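The values are calculated or read from the model by the stated rules, or taken from the named source; none is laboratory data. Keep in mind that what you see is a predicted model, and the values were worked out from it rather than measured. Cβ atoms come from the backbone with ideal geometry, glycine included; neighbour counts cover every protein chain shown. SASA here: full protein model, heavy atoms, side chains in, ligands and nucleic acids out. Shrake-Rupley method; radii C 1.70, N 1.55, O 1.52, S 1.80 Å.
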Amino acid sequence: KDIYDCKCGHIHTISLKKIVCEENALELAPGIIAEFSKNNKVTMVCDDNTYIAAGKTLEEKFDFYQIIKLDSNGLHANEKGVEMVLNVVKPDTDLFVAVGSGTIHDITRYVAAQKNIDFVSVPTAPSVDGFVSTVAAMTWNGAKKTLSAVAPIAMVADLNIIAKKKKKLIAAGVG
């Protein structure tokens, strides 16, 4: 992580090392994932929809140590979603890859922070603005909260995948 003193008087850290945002970016994802994995024990976190959108293609291109595919029906960025990942993630995972939109990213970034593990962001819809955020927008015990988490170490955004989303999802991100 890069650390720097700011004119504002605070010390800031930047963990984001690489951003690829272009057509066919998934072609570059395996090399980027390998670059940031220490022991090639990479866990992909997705849901059944985002697996279809990008996860399946990534699985064909990269030999994941583990794939956690959550049921998208009723999935939320909350303590239950976090628990679903924490209950099954292999303890020696050295890198997460979040494949999805806001919910998957917030769950992954929160779990990554709890386990002190880096993650790579692979957005599948432009419906949120927080893919490289350091906080997770969660519903915790029924209350909306912004919880400390971690930013990804890299982001790979394939414009071909993002452009296929419904106009409603694209507009949500712009708004």
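According to the square roots a ≥ b ≥ c of the eigenvalues of the Cα gyration tensor, what is the shape class of the chain, taking rounded for a/c under 1.5, prolate for a/b larger than b/c otherwise, and oblate for the remainder? Because its axes are fairly even, with a/c under 1.5, the chain counts as rounded. Rolled with a 1.4 Å probe across the full set of protein chains, the surface gives L75 an accessible area near 20 Å². Stretching N39 away from S15 to a fully extended chain increases their span by 6.7 nm, per 0.36 nm per residue minus the current alpha-carbon distance.
Enter the per residue convex hull volume of the range 38-131, computed from alpha-carbon coordinates, in Å³ rounded to the nearest integer.
Details: hull volume 8.1 nm³, N = 94.
Once divided by residue count, the hull of the range 38-131 is 86 Å³.
Around the amide H of S72, modelled in the peptide plane, lie the amide H atoms of D48, N49, all under 5 Å away and 5 or more residues distant in sequence or on another chain.
Over the chain, dividing the summed -39,500 (n - 2.57) contributions of all DSSP H runs of at least 4 residues by the number of residues returns a 222 nm mean residue ellipticity of -7500 deg cm²/dmol. Taking only alpha carbon atoms, the range 97-158 gives an Rg to Rh ratio of 0.95, where Rh is the Kirkwood radius. List residues of the range 25-69, by number, whose backbone nitrogen lies under 16 Å from a label position 7 Å along Cα→C-beta of D94. Counting only backbone N, you get 31-44, 63-66. Over the range 1-71, the fraction of Cα-Cα pairs per 5 Å bin, rounded to whole percents and listed from the shortest bin up, is 3, 13, 19, 20, 16, 10, 8, 7, 4, 0.
Taking R0 as 22 Å, what's the FRET efficiency between C6 and N116 from their Cβ-Cβ distance, rounded to 0.05?
Details: r = 24 Å, r/R0 = 1.10.
Given R0 = 22 Å and the Cβ-Cβ separation, E is 0.35.
Under a 5 Å amide H cut-off, with hydrogens placed 1.01 Å from N, K17 pairs with A154 among residues at least 5 apart or on other chains.
Where the only charges are on Cβ atoms (+1 Lys, Arg; -1 Asp, Glu), what is the dipole of the chain about its Cα centre, to the nearest 20 debye? Walk me through the numbers on the way to the answer.
Details: 20 positive and 20 negative charges, 92 e Å.
So the dipole magnitude of the chain works out to roughly 440 debye.
Note on M155: accessible area is roughly 30 Å² with a 1.4 Å probe, heavy atoms of protein only. Computed from phi, the 3J(HN,Hα) profile of the range 13-24 under the Karplus parametrisation 6.51, -1.76, 1.60 (θ = phi - 60°) reads 10, 10, 9, 5, 9, 8, 10, 10, 9, 6, 5, 6 Hz, with x in place of Gly and Pro. Computed 3J(HN,Hα) for the range 61-78, one whole-Hz value per residue from the Karplus formula 6.51 cos²θ - 1.76 cosθ + 1.60 where θ = phi - 60°, is 9, 9, 8, 6, 5, 7, 10, 9, 9, 8, 6, 6, 5, x, 6, 9, 7, 8, glycine and proline marked x. Full extension of the chain segment joining S148 with L86 gains 20.6 nm, where the gain is 0.36 nm per residue of separation less the Cα-Cα distance.
Cross-link pairs exceeding 20 Å in C-alpha to C-alpha distance, out of K17/K38; K56/K80; K18/K69; K69/K145; K18/K145, comprise K56/K80; K18/K69; K69/K145; K18/K145.
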